[in-house]
Amino acid sequence: MLQKQPAREGDLYSLIEDFFQNSFATDNLLITEAVRRMLAAGGKRLRPRLTLLAAEAMGTRAVDHLPLAAYMELIHVATLIHDDVVDGAATRRGVNATAVDFGNRISVLAGDYLFAWIFKNVTADYPPPVPNILSSTLADITDGEVLQLRALGDCAMGLSAYVEVATKKTARLFAASCECGGIMGGGNAIAVQAVRDFGLHYGIAFQMQDDLLDMTGDEAVIGKPVGNDLREKKMTIPVILALEGADREFRADVERFYAEDDETRERIVGIVRGIGVHGGFAKTKVAIAEYLERAKLSLAPLGNVPARAELVAIADALLKP
């Protein structure tokens, strides 16, 4: 039987932001500055919020797990710093990418240092299997990024291959955030598995939604140019699902786009329009809803603890504009 959730002072987002502003610092001033600037650019802090909610669902106080939650966000920040170097991105969350302000060499080293600093602290402060979970998660993230790079412009890529990439590069960290929060919250194996499964399914839906917004979102809201994934020749789920039922003419047009260097706004707009016409956006929304439903159903073993309702609310919010 899970314990009753203790009272919480303040909302989770505020707790996390306060922790970063008042407690975060590495031993390297330049790295700390680079990371603080990335943190100041904003973000929903979903991964640390899930860590804290998972811990609360097991009957412990969120405030007791803030350092662990912060490490989840910092792992995410380190991957973003590396991603922006790999992708040659100019902006992130509406501000300059770290590589723009600090250069590629400093950015790569900053990401490396941050990973090492996180794992030094995690291995010192947390018992197994938490360090093991996070190290295997980082390996999966890297593997997912490599799989995505190898699939650039591959119009034969199917949905199962896409889900593998999304699982590794995005969903694994959501799952690890929930799993580690559940473990440190003292949950039993069934309860920990429940929150882990929630994080995994939610993470896949999150990546799908990110892919969808890249083509349909407001540039000012998403903080990067619309159609950026197409410019980078990535095979995302709207493209894959549109090609599944596409005629030869549209498929040939997409193949030409991925093979050529024409990345003008007009060309991107034309491809995006075709993806919509061939059902790519509508089918993506259905897939997102299905994974979110799986995520919510995973929480059944938690019973009626308040944290479960908050996790469900986070899942439902993904579908809202």
Open item on the list: Residues that are under 27 Å from CYS178 (Cβ atoms) and in contact (Cβ under 8 Å) with a residue 24 or more places away in the chain: list the helices (runs of 4 or more DSSP H) wholly contained in region 67-150 that include at least 3 such residues.
Closed with: 104-125, 130-150
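Can you find a residue in region 250-257 that is farther than 30 Å from ALA54 by Cα, acidic (Asp, Glu) and in contact (Cβ under 8 Å) with a residue 60 or more places away in the chain?
First, the residues of region 250-257 that are farther than 30 Å from ALA54 by Cα: 250-257.
Applying the additional criterion that residues be acidic (Asp, Glu) yields 253, 255.
Imposing the further condition that a residue be in contact (Cβ under 8 Å) with a residue 60 or more places away in the chain reduces the set to 255.
Yes, because at least one residue in region 250-257 is farther than 30 Å from ALA54 by Cα, acidic (Asp, Glu) and in contact (Cβ under 8 Å) with a residue 60 or more places away in the chain.
Can you tell me which of VAL95, VAL108 is in contact with a Gly (Cβ under 8 Å, 6 or more places away or on another chain) and not acidic (Asp, Glu)? Give the steps one after another, and end with the answer.
Details: VAL108 fails: in contact with a Gly (Cβ under 8 Å, 6 or more places away or on another chain).
Being in contact with a Gly (Cβ under 8 Å, 6 or more places away or on another chain) and not acidic (Asp, Glu) holds for just one of VAL95, VAL108, which is VAL95.
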Task: Neighbours by Cβ (under 7 Å, 6+ apart or cross-chain): first from region 45-64, touching a residue at least 40 places away in the same chain (Cβ under 8 Å) and on the phi < 0 side of the Ramachandran plot; second surrounded by fewer than 24 Cβ atoms within 10 Å (Cβ to Cβ) and hydroxyl-bearing (Ser, Thr, Tyr) - done: ARG49/TYR13
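Name the residue, out of ASP229, ASP211, that is surrounded by 14 or more Cβ atoms within 10 Å (Cβ to Cβ) and either more than 19 Å from the chain's Cα centre (by Cα) or free of Cβ contacts under 8 Å to residues at least 24 places away in the same chain (or both).
Values: ASP211 fails: either more than 19 Å from the chain's Cα centre (by Cα) or free of Cβ contacts under 8 Å to residues at least 24 places away in the same chain (or both).
It is ASP229.
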- [ ] Test ILE275 against the stated conditions and say whether it is assigned to a helix (DSSP H, G or I), of a type in the set (A, V, I, L, M, F, W, C), crowded, with 17+ Cβ neighbours inside 10 Å and touching a residue at least 60 places away in the same chain (Cβ under 8 Å).
- [x] yes
Task: In region 7-53, the residues that are closer than 30 Å to VAL305 by Cα and not in a helix (DSSP H, G or I) - done: ALA7, ARG8, GLU9, GLY10, ASP11, GLY42, GLY43, LYS44, ARG45
- [ ] Check region 147-160 and report whether any residue there is among the small types (Gly, Ala, Ser) and touching a Lys or Arg at 6+ places or on another chain (Cβ under 7 Å).
- [x] yes
Open item on the list: Need the failing condition index for ARG267 against (1) surrounded by 12 or more Cβ atoms within 10 Å (Cβ to Cβ); (2) of a type in the set (Lys, Arg); (3) within 21 Å of the chain's Cα centre (by Cα), just the number.
Closed with: (3)
Task: Matching residues in region 40-78 - criterion: being modelled with pLDDT under 85 and of a type in the set (A, V, I, L, M) - done: ALA40, ALA41
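The values are calculated or read from the model by the stated rules, or taken from the named source; none is laboratory data. Note that the coordinates shown come from a computational prediction; the quantities given were computed from them, not determined experimentally. Cβ sites come from the backbone with ideal geometry, for glycine too, and all protein chains shown count toward neighbours.
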